[in-house]
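Sharing a structure here in structure tokens format.
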């Protein structure tokens, strides 16, 4: 039986290509990344060969395209606010010097 591959999208980073591939494979859709090894071995070849192309089987194309379109319309989560490293370092050093545990000061960045 002959299978035809259809390009579903192009991405410029190998990380993004693997993230999309994993997403599609979690929905039982086989996905193949063209130029995957070229980008991993010699990253400068990526510009000569073009972006990494993600291909799916012809029978899975419509489902995969719908899944990718659905994810484009979802909102990204708000990033988690992390205390600056200087607060942690100051608290740690003061605790070492004084021998008394020192709480970290939380600043309200508005």
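The values are calculated or read from the model by the stated rules, or taken from the named source; none is laboratory data. These figures come from a predicted structure and were not determined experimentally. Ideal geometry is used to build each Cβ from the backbone, glycine not excepted, and the neighbour counts take in all protein chains shown.
Could you run through the range 49-70 and say how many residues are surrounded by fewer than 17 Cβ atoms within 10 Å (Cβ to Cβ) and either in contact with a helix residue (DSSP H, G or I) (Cβ under 9 Å, 6 or more places away or on another chain) or modelled with pLDDT of 90 or more (or both)?
9
Restricting the first residue to the range 13-27 and requiring it to be modelled with pLDDT under 90, which pairs with a second residue that is loosely packed, with under 15 Cβ neighbours inside 10 Å meet a Cβ separation below 8 Å and a spacing of at least six or different chains?
Taking only residues 6 or more apart or on different chains, the pairs are 14/40.
The rows are residues; the columns are (1) surrounded by 15 or more Cβ atoms within 10 Å (Cβ to Cβ); (2) touching a strand residue (DSSP E or B) at 6+ places or on another chain (Cβ under 7 Å); (3) more than 11 Å from residue 51 (Cβ to Cβ).
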position	(1), (2), (3)
3	no, yes, yes
10	no, yes, no
13	no, no, no
24	yes, yes, yes
28	no, no, yes
32	no, yes, yes
35	yes, yes, no
38	yes, no, yes
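Still on this structure, please answer the following. Anything in the range 72-98 that is surrounded by 10 or more Cβ atoms within 10 Å (Cβ to Cβ) and either at pLDDT 75 or above or not in a loop (DSSP other than H, G, I, E, B) (or both)? List them, or say none. Spell out the reasoning first.
Step one: of the range 72-98, the residues surrounded by 10 or more Cβ atoms within 10 Å (Cβ to Cβ) are 83-84, 87-95.
Hits for the range 72-98 are 87, 88, 89, 90, 91, 92, 93, 94, 95.
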